[in-house]
1. Please name all residue pairs, on different chains or six or more residues apart, with Cβ atoms under 8 Å, provided the first residue is in segment 342-364 and is outside the structural domain of residue 378 (by TED's automatic domain parsing) and the second residue is in a loop (DSSP other than H, G, I, E, B) and surrounded by fewer than 20 Cβ atoms within 10 Å (Cβ to Cβ).
2. Suppose we filter segment 230-247 for residues that are farther than 10 Å from residue 315 by Cα and crowded, with 22+ Cβ neighbours inside 10 Å; how many remain?
3. Can you give me the number of residues within segment 106-151 that are closer than 17 Å to residue 426 by Cα, out of contact with any strand residue (DSSP E or B) (no Cβ under 9 Å at 6 or more places or on another chain) and at pLDDT 95 or above?
4. Could you run through segment 93-113 and say how many residues are in contact (Cβ under 8 Å) with a residue 24 or more places away in the chain and under 18 Å from residue 145 (Cβ atoms)?
5. Name the one entry in 350, 315 that is in a strand (DSSP E or B), at pLDDT 95 or above and buried (at least 17 other Cβ atoms within 10 Å of the Cβ).
6. Is it the case that segment 408-431 has a residue that's part of a loop (DSSP other than H, G, I, E, B), free of Cβ contacts under 8 Å to residues at least 60 places away in the same chain and not assigned by TED's automatic domain parsing to the domain that holds residue 163?
7. Need pairs with beta-carbon distance below 7 Å; first residue free of Cβ contacts under 8 Å to residues at least 24 places away in the same chain and within segment 16-40, second in a helix (DSSP H, G or I); sequence gap 6+ or separate chains.
8. Could you check segment 293-309 and list, in sequence order, the residues that are loosely packed, with under 15 Cβ neighbours inside 10 Å and in a helix (DSSP H, G or I)?
């Protein structure tokens, strides 16, 4: 039987090489020499790594794999944190790395057409060179690919103003499991003609189709930034400052990032690159920023807001960036979360969503619940907050790899009671699959399975991610 399966695999790989060319199909050591994720140094385990160079090649590869009932796991930049690109040795991996072109920038319609393998930073820089702005931003910008960001409905640090990836995609092209190419490269803000099929693929984690190209929405390039770091004694000051910022600055407010004390200490103490611009003794810190395309007045509005907030007792100390270098330095404090993975192992990372009004009690409850079984632990908390998103990284001397499930229970279980979600922006993958029912009703999960069965009847696209097929 094993010999027969080997023959079938060899035949399929030969067909794939004919369709994609020798450079389009990597096998053996050429596959295992690559690591399976940006944050995971384990080698890729797969029969082959497919590297199509065009949509037609993606379609040809999927047609062959569908006929052979061969599992295919789509790859983006492999920066995901929930194991939604994990492969088995019996799988085929499909990378869009050779499809990374910026095909068009449309100044009149403020849009750009990009291939799915293009890195986010390349997209940002290309838009900026054309005098426009693509607002999605996250720490892994240099590696994260547009196709993966679409597949995971990425969020990041400007969701408050510009929305998640779902709001930034005007149109897309995707290849279904059977090789059908679904092209909906719409450039319009409004297209109310029937079902908006592109939305099926945004956030589907590569389980419904492989995104190959996208039309992204652009904005005028910001002419003005106003950035400040402020400190608070209480979470009520945090929520009060957010309310005032939204009332006084409206859509100018692009980011409102909150750091609990432990996280701020971590990223402003060696080996971190940053020094603390504000005392490390405060319980909470907020990094807030406005972006504006106008030609004047924004800095005065920001300064007036800070004066008003201080007069109303909403923060204690503030540092305002005066230069681009100072702005970058403040952002480095917030973005330096990789210090945790580099210096604390094993550490478990979570991204959750819940109402701002429930955050303080939720965090206190998680910290107390962790102490009971594990004693003193580090629970670094930070996040976008204004859009309901918290990140938690947890480590303790008594916490082992085998304790991951116990820690997950502590983090996820309280979310149902406050109407929260086990995933704000990272997706479900394998890691959060056991907890999907905490954030989606049984009826919703049934409909998800029906959609999967309709678009991928043989279950070859990234099976086992989000939910089990049976």
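The values are calculated or read from the model by the stated rules, or taken from the named source; none is laboratory data. Since the model is a prediction, treat every value here as computed from it, not as a measurement. Reconstructed Cβ throughout: ideal geometry from the backbone, glycine too, with neighbour counts over all protein chains shown.
1. none
2. Within segment 230-247, residues that are farther than 10 Å from residue 315 by Cα and crowded, with 22+ Cβ neighbours inside 10 Å number 1.
3. Adding up the residues that qualify gives 1.
4. The first filter runs over segment 93-113 and keeps only residues in contact (Cβ under 8 Å) with a residue 24 or more places away in the chain, leaving 93-100, 102-103, 105-107, 109-113.
Then keep just the ones that are under 18 Å from residue 145 (Cβ atoms); that gives 93-100, 102-103, 112-113.
The number of residues fulfilling the criteria is 12.
5. Values: 315 fails: in a strand (DSSP E or B).
Checking each option against the conditions leaves just 350.
6. Our first condition is that a residue be part of a loop (DSSP other than H, G, I, E, B); within segment 408-431, this holds for 419-420, 422-431.
Right, trim to free of Cβ contacts under 8 Å to residues at least 60 places away in the same chain and you get none.
No, that holds for no residue.
7. Within 7 Å, the pairs are 27/13.
8. If we filter segment 293-309 for residues that are loosely packed, with under 15 Cβ neighbours inside 10 Å, which is where we start, we get 293-297, 299-300, 303-304, 307-308.
Matches in segment 293-309: 299, 300, 303, 304, 307, 308.
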